[in-house]
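Taking it in order: structure first as structure tokens, then the write-up.
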Amino acid sequence: MKATILGLAVASVALASTNNLVVNGSFESGTASWQTPGTPVAVYTAVSTAVDGVWGLRVSGRTNLTHCPAQTITTALTNEGNGVSIGVSFAVNLSGPAHVRCNLQMNDSSGSRSVILAEKTIDATNSWTRLEGARVLTWSGTLTLASVRFEIGQMTELVYPTFVIDDVRIRRDSDRDGLTDDIDPVIANADAN
């Protein structure tokens with residue numbers, strides 16, 4: 001009897017995607033799948049300082065707030081479906097205090113917009129800080145661009161500290177509780193038993 005009940009509970013787990021929409025989010029393959037705005041002035045280097053795996057991505061020599069890694073996730077996001085609830089998480093290690101923001105640039109049939117996925121002002125230096133956020137993403141008509149972009153620096157003072165970024169994740173959060181489905185699977189009809 002107990003085995004039957006357990007089997008039913010396991011069978012009722014929703015089969016939502018738990019894939020990371022970001023490819024190479026732990027930078028184990030260096031900058032593969034990432035755009036590197038600002039090069040050759042901004043220098044992107046894989047370094048053995050990481051919170052996930054062996055490698056993180058160090059970015060130095062920046063002369064602009066947007067000289068940070070970016071990645072196009074249009075196909076992956078479209079496959080998740082319009083109206084998907086997502087969770088974003090990443091870790092950053094700064095050489096100086098800065099405002100850190102993760103945006104999603106979206107272009108669709110109605111135009112272009114930028115959606116803030118996570119942001120925080122960080123005073124701690126030379127230590128890892130994790131940023132997290134959650135959003136419901138919708139678009140009109142056809143989604144033609146979805147690009148994850150970071151802005152790191154002090155905008156009014158024009159200060160762009162060196163940083164290391166690692167463990168970038170964007171995953172489905174079906175029950176919209178702030179925990180992505182790989183951490184907190186959705187149980188269909190959990191109250192029905």
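The values are calculated or read from the model by the stated rules, or taken from the named source; none is laboratory data. Since we're looking at a predicted model, the values are computed, not measured. Don't worry about glycine lacking a Cβ; one is built from the backbone with ideal geometry, like all the others, and counts go over all protein chains shown. Surface accessibility is based on the protein's heavy atoms, side chains included, excluding ligands, DNA and RNA. Shrake-Rupley method; radii C 1.70, N 1.55, O 1.52, S 1.80 Å.
Some values worked out for this structure:
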| read-out | value |
| --- | --- |
| Solvent-accessible area per residue, Å², over region 35-92 with all protein chains present [probe radius 1.4 Å] | 40 Å² |
| Paramagnetic label zone (point 7 Å from Cα along Cα-to-C-beta, residue 66; backbone N under 14 Å) in region 137-156 | 147-152 |
| Paramagnetic reach from residue 155 (point 7 Å along Cα→Cβ, amide N under 14 Å) across region 35-66 | 65-66 |
| Paramagnetic label zone (point 7 Å from Cα along Cα-to-C-beta, residue 35; backbone N under 15 Å) in region 55-93 | 65-75 |
